1. Across the range 24-38, which residue is farthest from Val54 (Cα to Cα) among those that are open to solvent by 80 Å² or more (accessible area, probe 1.4 Å) and of a type outside the set (Lys, Arg)?
2. Check whether at least one residue in the range 39-52 is modelled with pLDDT of 95 or more, in contact with a Ser or Thr (Cβ under 7 Å, 6 or more places away or on another chain) and either hydrophobic (A, V, I, L, M, F, W, C) or part of a helix (DSSP H, G or I) (or both), and report yes or no.
3. So which residues in the range 4-23 are surrounded by 13 or more Cβ atoms within 10 Å (Cβ to Cβ) and over 14 Å from Val71 (Cα atoms)?
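The values are calculated or read from the model by the stated rules, or taken from the named source; none is laboratory data. Because the structure is predicted, anything quoted here is derived from the model rather than measured. Neighbour counts run over all protein chains shown; Cβ positions are idealised from the backbone, glycine included. Accessible surface areas use protein heavy atoms only, side chains included; no ligands, DNA or RNA. Shrake-Rupley method; radii C 1.70, N 1.55, O 1.52, S 1.80 Å.
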Amino acid sequence: MRIMGLDLSLSATGVCLPDGSVMTIKCKPEWGDTRLTLIRDVIRRHCSGVDLVVIEDKVHSSYSAAVLGMVQGTVRTELMDQGVPYALVPAKTLKKFAT
């Protein structure tokens, strides 16, 4: 099974590809909402042939929840358009697994 992991952020989205390599999609605040299209386009390029995408689901404050919600919506819509299933993993669960 080919799995991609995502740690979504409007400024620096972390990506773990199925081959184990990692990358960061870095965006500058002055790019505004075009950051969403950049993140979407990078995810689109790398989700071909992926069986599942695992997304860290985290909310720290109302402001970050709103910003993260925009990124999550953009990425989830792209995955649905590509027919790639995804799973949300709570941050606590992810940290326990990693350690």
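1. For the range 24-38, the residue satisfying everything is Glu30.
2. Scanning the range 39-52 turns up at least one residue that is modelled with pLDDT of 95 or more, in contact with a Ser or Thr (Cβ under 7 Å, 6 or more places away or on another chain) and either hydrophobic (A, V, I, L, M, F, W, C) or part of a helix (DSSP H, G or I) (or both).
3. Answer for the range 4-23, where residues must be surrounded by 13 or more Cβ atoms within 10 Å (Cβ to Cβ) and over 14 Å from Val71 (Cα atoms): Met4, Gly5, Cys16, Leu17, Pro18.
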